[in-house]
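To keep things clear, I will list the structure first and then write my remarks on it.
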Amino acid sequence: MAHDRSELYILMIVIVIVPIATLYVNHETAQRYASLTADHEATLDRLAVIGQDLEHMTELHEIERDIKVREIETLSGDLKEVTHENFNLKRELRDNEIQFYETYDLKTSPTYADVIEFIDADDTDRLSYVLHDHDCTQFSNTVIRNALTSGLFACAVDISLDSDADGIVDMGHAIVAFNTVDRGIIYIEPQDDRVLDMHIGMIINRLQVLQYDSCFEMRHMGHFMGH
């Protein structure tokens, strides 16, 4: 009889406790499922955001590619235009050179009489000397330009002089030279139209000539070099 009661108690405990345990397990499972569902939804949201970012980045890459393509096309067009313009400028320069020589018919080796005739007619010697404003260099350049206009070729002569009375060295002077067919190179003082017998050691402005050179020749103490 006592044994039957024990079995009855056990049966009652099972009938009461098992449903309660089952309800607890189901509750825990439901909570875990809800948590997993929330995590899944959060993951889907993050994936959606990443997808949008990737789509935006793809659009940016396409925009950058289009910009680069347009820049390349623009640069290519500019290069063609510059190349064409450069070709036209070279052709214009060549035409101007031809026109220049046809117009002036330069005498690179005139006669002595040609030079003297030009010098006598030229009025550069009537200009005033102004230190640092219109000095010997400007006189020489003026004669050279006027000679070019008259169809003659001349070049500047740079002269190095000895030190002056105050010991200042590297004094200089400028004149012009013509290379004639009958008298060779002749030197002209553009400030007074004198024909100079240029040589090392001669005196100009009370100073000794140490060196002189032009596009025709170069001379200095103990040495000569023809151009």
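Suppose we filter the stretch 136-147 for residues that are touching a helix residue (DSSP H, G or I) at 6+ places or on another chain (Cβ under 7 Å) and touching a residue at least 40 places away in the same chain (Cβ under 8 Å); how many remain?
Within the stretch 136-147, residues that are touching a helix residue (DSSP H, G or I) at 6+ places or on another chain (Cβ under 7 Å) and touching a residue at least 40 places away in the same chain (Cβ under 8 Å) number 3.
Can you tell me which condition Phe178 does not meet? The list is (1) farther than 12 Å from Val157 by Cβ; (2) in contact with a helix residue (DSSP H, G or I) (Cβ under 7 Å, 6 or more places away or on another chain), and all the others hold.
(1)
Identify, from the list Glu64, Glu71, Glu92, the residue that is assigned to a helix (DSSP H, G or I), modelled with pLDDT under 70 and outside the structural domain of Ala177 (by TED's automatic domain parsing).
Glu92
Looking only at the stretch 126-134, decide whether some residue is modelled with pLDDT of 70 or more, part of a helix (DSSP H, G or I) and not acidic (Asp, Glu).
Checked against the condition, which is being modelled with pLDDT of 70 or more, part of a helix (DSSP H, G or I) and not acidic (Asp, Glu), the stretch 126-134 yields at least one hit.
Residue check: is Ile168 in the same structural domain as Asp125 (by TED's automatic domain parsing), more than 37 Å from the chain's Cα centre (by Cα), modelled with pLDDT under 95 and within 25 Å of Ser128 (Cβ to Cβ)? Steps first, please.
Numbers: in the same structural domain as Asp125 (by TED's automatic domain parsing): yes; more than 37 Å from the chain's Cα centre (by Cα): yes; modelled with pLDDT under 95: yes; within 25 Å of Ser128 (Cβ to Cβ): yes.
Yes: the conditions hold for Ile168.
Return yes when Asn146 is of a type outside the set (Phe, Trp, Tyr), buried (at least 18 other Cβ atoms within 10 Å of the Cβ), over 22 Å from Met202 (Cβ atoms) and assigned by TED's automatic domain parsing to the domain that holds Asp192 and no when it is not.
Yes: the conditions hold for Asn146.
Looking for something of a type in the set (A, V, I, L, M, F, W, C), out of contact with any Ser or Thr (no Cβ under 8 Å at 6 or more places or on another chain) and at pLDDT below 90 - is there at least one such residue anywhere in the stretch 110-125?
No, that holds for no residue.
The values are calculated or read from the model by the stated rules, or taken from the named source; none is laboratory data. Just so we're clear, the structure is a prediction, and the values are computed from it rather than from any experiment. Please note: Cβ atoms are built from the backbone with ideal geometry, for glycine as well, and neighbour counts cover all protein chains shown.
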